[in-house]
Amino acid sequence: MDVTELVKQLKEKTPALVYLVLGTQQVLQEKALTAFLSLIPEEQQVMNVGRYDMEVTPVASALDDAVSAPFFGERRLVIINKPYFLTNEKRGGKVDHDLSAVIKYLHHPEPTTTLVFLAPYEKLDGRKKLVKELKKVAVNVSAAPLDERSARQQVEGQLRQVGFTIDDAALELLVQRTNADYGLMVANVAKLEILAYQDKHITAPMVQALVPQSLDDNVFDLVTAVLRRDQPRSLELYQQLLASQKQPLQINAVLVSQFRLLIQLKVLVNHGLSQGSIASKLNVHPYRVKLGLRTVRQFSLERLANAYLGLVKIEQNLKTTQRDPELLFQLFMLQYARQR
């Protein structure tokens, strides 16, 4: 199940004895934790909630807490955070974890305890006996990064719950400026709610005013202008980046990275790979892949490669000469515009 379904079930049904929350989306991990904490009345949390970080605390301490009876309450909540021993990661340090004791507990969970494994990892090591036993017993909750569509739905739903609305144009701009990163979207929605507190309606100008464009966003516009061989627009955007105190090497590095990604997208889409497969293969957010594919469909691989090689040459000149960065970029555009 996802975290939204978890929140709903914890409100309506008796909680399970063991949960596994797996995924790297921090805001979803925090949302799940808040939902679990709501199981215990606030006045009882000091005595009936235990939170243990496995990077500094032996798992035996958490298990000792889990087998204890609730203190003046009906339920005890034990949180096992960062259980790296469920993955294939190797950690140094002197924390000694008795994993056989965890398996033993999973075979006979304490009926008055809810044990939660908060695992902020992409995946677990399915070969381990403990992982196999945990997946048999635990209710599995996904905190994996959301795709663009799910992120939009979650943000709209969150706003509706507190009585806010958002224009389609505003939501589109929010997605663009955060690269559809759900964590960034949530963080910026909190600011937008303050700005729109009176009317409870979020508009595109509000998003434009409060949500900053990243360097990648600005460079993406520049990439498009370069590919279209639009020299005036390209130089204007490059000058704007310099005026915003961005370093020439930094700007060029992002440009090179963007063109490298576009070349990879062009090659993979020509081999018949789908958008989802490409995102997984390159380990790139699906929204970036979506935008990149829109671009590469308009231009040949040769044009992409020529731009990439020209930008690599600029990088070499920036590192080895004292020539003016703006002049180097202008010369690059002149040469690139002549290529057919």
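The values are calculated or read from the model by the stated rules, or taken from the named source; none is laboratory data. Because the structure is a prediction, the values reported are computed rather than measured. A quick note on method: Cβ atoms are made from the backbone with ideal geometry, for glycine too, and the neighbour counts reach across all protein chains shown. These accessible areas exclude ligands, DNA and RNA; they are computed on the full protein's heavy atoms, side chains included. Shrake-Rupley method; radii C 1.70, N 1.55, O 1.52, S 1.80 Å.
Key figures
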quantity	calculated
Subset of region 229-266 [modelled with pLDDT of 85 or more and among the charged types (D, E, K, R)]	Arg229, Asp230, Arg233, Glu236, Arg260, Lys266
In region 83-94, the residues that are open to solvent by less than 80 Å² (accessible area, probe 1.4 Å), under 21 Å from Val21 (Cβ atoms) and not polar (S, T, N, Q)	Pro83, Tyr84, Phe85, Leu86, Glu89
All positions within region 6-23 that are open to solvent by less than 70 Å² (accessible area, probe 1.4 Å) and not small (Gly, Ala, Ser)	Leu6, Val7, Gln9, Leu10, Pro15, Leu17, Val18, Tyr19, Leu20, Val21, Leu22
Counted residues, region 142-161 - those being without any contact (Cβ under 8 Å) to a residue 24 or more places away in the chain and farther than 24 Å from Asn283 by Cα	3
Residue that is farthest from the chain's Cα centre (by Cα) [pool: residues in region 100-122 that are of a type in the set (Val, Ile, Thr) and assigned to a strand (DSSP E or B)]	Thr113
Val7 in a helix (DSSP H, G or I), free of Cβ contacts under 8 Å to residues at least 12 places away in the same chain and either within 27 Å of Lys94 (Cα to Cα) or among the hydrophobic types (A, V, I, L, M, F, W, C) (or both)	no
Checking Lys129 against (1) open to solvent by 40 Å² or more (accessible area, probe 1.4 Å); (2) at pLDDT 90 or above; (3) under 30 Å from Val289 (Cβ atoms); (4) touching a helix residue (DSSP H, G or I) at 6+ places or on another chain (Cβ under 8 Å), the condition it does not meet	(3)
Boolean, Ile80 is open to solvent by less than 30 Å² (accessible area, probe 1.4 Å), part of a strand (DSSP E or B) and at pLDDT 90 or above	yes
